[in-house]
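My structure is below; once you've seen it, I'll send some questions.
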Amino acid sequence: MPIRSQIRPAAVEIIRRLTQNNYEAYIVGGAVRDLLLGRTPKDFDIATSATPEQVRAVFGRGRCHIIGRRFKLAHVFAARDSYYEVSTFRRQPTADERCARDDDDGVVIWSDNEYGAIEEDAQRRDFTVNALYLDVIGDRGIIDFTGGLKDIEQRMVRTIGQAETRFTEDPVRMLRALKLVGMHQMTLAPETEAAISRLCGRIRQASVARLFDELLKIFQTDCAGAILQTCRQHGLLSTLWPGLASIWDKPPGRIALGMLQARDRATKKGDYSTSRALALATPCLPYVMNILRTHDNGVFPLWDSTMNKQCGHAIRSFYDGFVLPHVLTARIRAMILMVPPLAEGVQIDYLAQQPDYKYGRELLRLLVESCRWDPALMQNLPEPGQPATSGAGRLPRKRRRRPRRPRQPEAEPAAEATMPDASP
Ligand code: ATP
Ligand code: MG
C-alpha cells in the first residue's frame, strides 16, 4: 500500500488547511521512517513553515495550543483527546546565538526556537532516517536532504553532521540512536558508534526530566527488552540506569529482562495494559524482591511491618537518577507487594477487590512466564472484576512451603528462578 494512503485523515486535513493558507506542511520524522520500515507509526508529526502563532491563527485558539519553551510548538486538536504536534521549520542556532542564551534546559541544550527553511530544518534533526519529509498534498513525494532514504534501505542509524558534536550538543540523542537500533534491528554508522562509545558516560549531562521522558517512551514500545539490551551492549546502561545495570548479569537481572520480553510479546499482541506504573514496576519487581528477601531462602519475602517502607526505598534505589514522582512510587509499590500473596494464594478475595489487582496479577503473569513456572498458577486467579474461585493462585507445591529462616547468617543461595542474591 502506498505510504501516503496510510497517513491518518486528520493529519492530512491539518496539512491541507495549512497549505490552503499558503504555508508549506509535511509529515516528518518517526512516522515517515516507520512507514518506510513497514511499521505502524505511533504518531504523525507535522513540520510547517508557519510559526506557532500563525498555526494558531489558522486553526483558532479553541483547536490549537502553543506549548514548550525550549522548543515551542503547536498542538492541533483533531478530537477532544487527540492532537497532532505541528513544529515550525528550524535552523541550527549560530555560535553567537547559542552563547547569548540563558534559558538552557540542562547543561548542553540551548533554546531551539530559531526558525528557518525546510533544508535548514532537516540539518538540525538528529538522524538521517528521522529527517524525511512526506508531501501528502503536493507531488514532491518523500523529500530527502540528508541521505535518509539510503540509510533506511541499509537500516543504518547515522547522525546528521559530526556525531561527536551532535551528541555533545544533546546527549539524549545517544539514547535515541540506540532506541532505533533496538527497535528496528538497525546498525550504527561507524562514526556514530565510535562517538557513542566515547561519550556514553556523558548521558547524565542531559536533564533528568528528559531522560525519564525517554525511558517512559521506551516502555511505550513493544521492544523495551531489545532497546535496553542495546544500551547495555553499547555501554550506555551503567550511566543511564545504574539500578538495572547493577543486576543485569545476575539472576534478578535475567528475570527482569525475561519479564520485559514477555511484556513486549504481550504488547505486540495488544494484550498488555498501557499503565506507566505497571511498565515501571515490571523490571523493578525482581530487584525489589531480591532486596526484601535478603535474609530469607524462600521465593518471596515473609511479610513484616517494615515491608512497605523497605519496598518504597528499594524502588527509589532502582530508579536512582530518574525523577520518580511520589504518586508513581506508591502505585509501583502497591502492585509489587500484591505479587507474593497472589502467588501464594493468600487473601485472593480481598486482593481481587483492590484497584491495582489487575496490575499485580499482570506482574505475576510476567514473572511466571519469565521464570517458567507452571502457568496453572494463573488459571485460578479471577479475571479482574470477577469473583474469586477457590484455590486461586498458589505457587506450585514445591514452592509453596513457607520459607525457613536460615540458621547461619550466610544462607545457601536459592535456586535460579527464586531471585537469589545480587546486591544493588
Ligand atoms: P517516535 O516513534 O518515538 O515518536 P520520533 O523519531 O518521531 O520517534 P519524536 O520524539 O516524536 O521521535 O521526534 C520527532 C522528530 O523530531 C524526530 O524524528 C527527529 O527528526 C526530531 N528530533 C527529536 N528529538 C530530537 C533531538 N534531540 N535532536 C534533534 N532532532 C530531534
Ligand atoms: Mg514521533
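The values are calculated or read from the model by the stated rules, or taken from the named source; none is laboratory data. Everything numeric here is computed off the predicted structure, so don't read it as measured data. FYI the Cβ positions are ideal-geometry reconstructions off the backbone, even for glycines, and counts take in every protein chain you see. Note: accessible area is taken over every heavy atom of the protein model, side chains too, but ligands, DNA and RNA are not part of it. Shrake-Rupley method; radii C 1.70, N 1.55, O 1.52, S 1.80 Å.
How many residues are within 16 Å of ligand 2 (Cβ to nearest atom), farther than 19 Å from ARG210 by Cα and not hydroxyl-bearing (Ser, Thr, Tyr) when one looks only at segment 46-73?
Of the residues in that region, 2 qualify.
Now for a different question. What number of residues within segment 22-44 satisfy the criterion of being within 22 Å of SER82 (Cα to Cα), surrounded by fewer than 24 Cβ atoms within 10 Å (Cβ to Cβ) and more than 10 Å from ligand 2 (Cβ to nearest atom)?
Looking only at that region, the number is 3.
Of everything in segment 1-48, what is of a type in the set (S, T, N, Q) and away from ligand 1 (no atom under 11 Å from the Cβ)? Give them in sequence order.
Residues satisfying the conditions are SER5, GLN6, THR19, GLN20, ASN21, ASN22, THR48.
Looking at segment 1-18, which of its residues are β-branched (Val, Ile, Thr) and part of a helix (DSSP H, G or I)?
Those that are β-branched (Val, Ile, Thr) and part of a helix (DSSP H, G or I): ILE3, VAL12, ILE14, ILE15.
Working only within segment 139-198, note down all residues that are among the aliphatic types (A, V, I, L, M) and open to solvent by 30 Å² or more (accessible area, probe 1.4 Å).
Within segment 139-198, ILE142, LEU149, MET156, ALA194 qualify.
Here is a further query. Since GLU85 meets every condition but one in (1) away from ligand 2 (no atom under 16 Å from the Cβ); (2) within 28 Å of PRO2 (Cα to Cα); (3) at pLDDT 95 or above; (4) open to solvent by 10 Å² or more (accessible area, probe 1.4 Å), which condition does it not meet?
(1)
Among helices (runs of 4 or more DSSP H) lying entirely in segment 121-237, which contain 1 or more residues that are more than 10 Å from ligand 1 (Cβ to nearest atom), among the polar types (S, T, N, Q) and over 20 Å from the mean Cα position of the chain (by Cα)?
Fully inside segment 121-237 and qualifying: 163-169, 190-199.
Related question: Could you say whether any residue in segment 124-132 is in contact (Cβ under 8 Å) with a residue 60 or more places away in the chain, basic (Lys, Arg) and within 16 Å of ligand 2 (Cβ to nearest atom)?
Scanning segment 124-132 turns up at least one residue that is in contact (Cβ under 8 Å) with a residue 60 or more places away in the chain, basic (Lys, Arg) and within 16 Å of ligand 2 (Cβ to nearest atom).
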